[in-house]
Amino acid sequence: MLVGWIALLGVLGWAEADQKGTKPSRPDGRASELGRLVFEQNCAICHGSAGDGRGMAGMMVRTKPRDFRPGIFKFRSTPNGSLPTDEDLFETISRGLRGTGMIGQDDLPQTKRWAVVEYLKTFSERFQREKPQRPISIPKPPPRTPELIAKGRKLYQKAECFKCHGIEGGGDGPSAEGLEDDRGYPIRTADLTRPLKRGSSPEAIYKTLVTGLDGTPMPSYEGALTDEEFWALSFYVASLNTGTLSHQQRREAAAGQHVLRMHGGRGPGMMRRMPMMQ
């Protein structure tokens, strides 16, 4: 019992050590243990205690929670097939994924979010065997002009983006039906007229185009386009976006908020007070 209390005090001390919440320079076992505690309280309800994406609330959302065990991540700054950086994981935890049940956790102290990053990496052996590749540099965007967007529209056709995303970007292209992710779950092509999971700015779209979304049919176009072409296509796709969530996106985001309230990620939580959940 005494040993347990000493360990807990060590974890709490680590959490308070960096009041600014910057990434610890030398994460240790205390960071991972704190991350485990925070993960169990805030993340396991969807992602599962084993990090397998099979938490009991996962059935409530259409976009299935990530299975961390293979070490495959969609949202990265690194090249296709690479592990994400710690900063990539921290950004996703903090920002969440727009229009899905993955609600941003920016209300948590930054130190706790960094601790979750350390803990997430224990689910996959890839993090023990490999290092993330160097993030792809995103150049400074050019000014937004009608000519640039017109060029992007032509590239959208030339690159055959419409085959999945549709002529007007509605996610209704002829190849959109029957797509699956790496786990065999049905996956919907992004509706480019609605808010995108990573963000709908030209910068966010550029990053998706150049890195791809690992574990999905969305490939990387690194090496296939010039910087100018990447920006033209990014600005064109951004111009399609209305900024308004679809009915399905609103439902899924509401389900995520409901899980947080019920589970207690942002409050006492009803599930924790139910005997069957003890």
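Nothing in this text is a laboratory measurement; each read-out follows from the coordinates by a stated rule. These figures come from a predicted structure and were not determined experimentally. All Cβ positions, glycine included, derive from the backbone under ideal geometry; neighbour counts span all protein chains shown.
Some notes on this structure:
- Residue separation of Asp106 and Leu245 scaled by 0.36 nm, minus their Cα-Cα distance, works out to 48.0 nm of gained length.
- Net +/- balance of residues flanking Ser239 in space, Cβ distance below 9 Å, scoring K and R +1, D and E -1: +2
- For the range 30-158: rounded, prolate or oblate by the Cα gyration tensor [a/c cutoff 1.5]: prolate
- For the range 146-244: rounded, prolate or oblate by the Cα gyration tensor [a/c cutoff 1.5]: prolate
- In this structure, Glu222 and Arg54 have a Cβ-Cβ separation that, at R0 = 30 Å, corresponds to a calculated FRET efficiency of about 0.40.
- Cβ-defined net charge surrounding Leu225, 12 Å radius [Lys, Arg +1; Asp, Glu -1]: -2
- Separation of the alpha carbons by more than 20 angstrom is noted, of Lys74/Lys207; Lys74/Lys154; Lys74/Lys131; Lys140/Lys207; Lys74/Lys151, for Lys74/Lys154; Lys74/Lys151.
- With a simple spin-label model that places each label point 7 Å from the Cα along the Cα-to-Cβ direction, the separation between Glu168 and Ala254 comes to 2.6 nm.
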